[in-house]
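Read through the structure below, which is laid out as structure tokens, and then see the notes.
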Amino acid sequence: MLKKPRPRTWDEVLSELRRRQFDVQDVAGDSNQRRIGKNGCAIVLEKAQNEAGLRMVVRPGLVINGEIAHLVDRGYQKFFRTSKAEFPATADRLTTLHNFVEELKEVTGSVTLYNEALGTVSDAYLYDRVKGRDLPVSERPIPAWEQPEH
């Protein structure tokens, strides 16, 4: 029979992360938040007020120019987006992020959902074919394949 993982306290999690060579840094302006990094990936966690011990403030992502880049799925390809630019998500980068998240979940005692175990989950899904589908039919943009030829 499977055992339910015991939630770890904030101090236990930070100690175990340091033991596994994660970079644990204080976040300026908040004594309860830590930026956790390893292998070019990072996440921001904070001490929670409940028995869980911690909660996620900034989702995990690749660190690009000091900023945590978030994964965006455009239907045809995934990209890492920062506040300044987007970069194609290569297989190596996705594998690195997936491994980072899996190791972090192991340390924190978090549950891994089925879809997350299959691969890296994006922060946003921006498919061009469904863009505007929530608008009334009369206000929807005409898809490229239905536009008259010039």
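Read-outs throughout are calculated quantities, based only on the coordinates presented, and are distinct from any laboratory measurement. No experiment lies behind these values; they were computed from the predicted model shown. Neighbour counts are summed over all protein chains in view; Cβ atoms, including those assigned to glycine, are modelled from backbone coordinates with ideal geometry.
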Among the listed pairs Lys47/Lys105; Lys84/Lys105; Lys47/Lys78, those beyond 23 Å (Cα-Cα): Lys84/Lys105; Lys47/Lys78
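Compute the signed sum of charges (Lys and Arg +1, Asp and Glu -1) over the other residues within less than 14 Å, Cβ to Cβ, of Arg19.
Once all neighbours under 14 Å are counted, the net charge is -2.
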Whole-Hz ³J(HN,Hα) from phi, Karplus 6.51 cos²θ - 1.76 cosθ + 1.60, for region 59-69, glycine and proline x: 4, x, x, 7, 8, 10, 6, x, 10, 7, 8
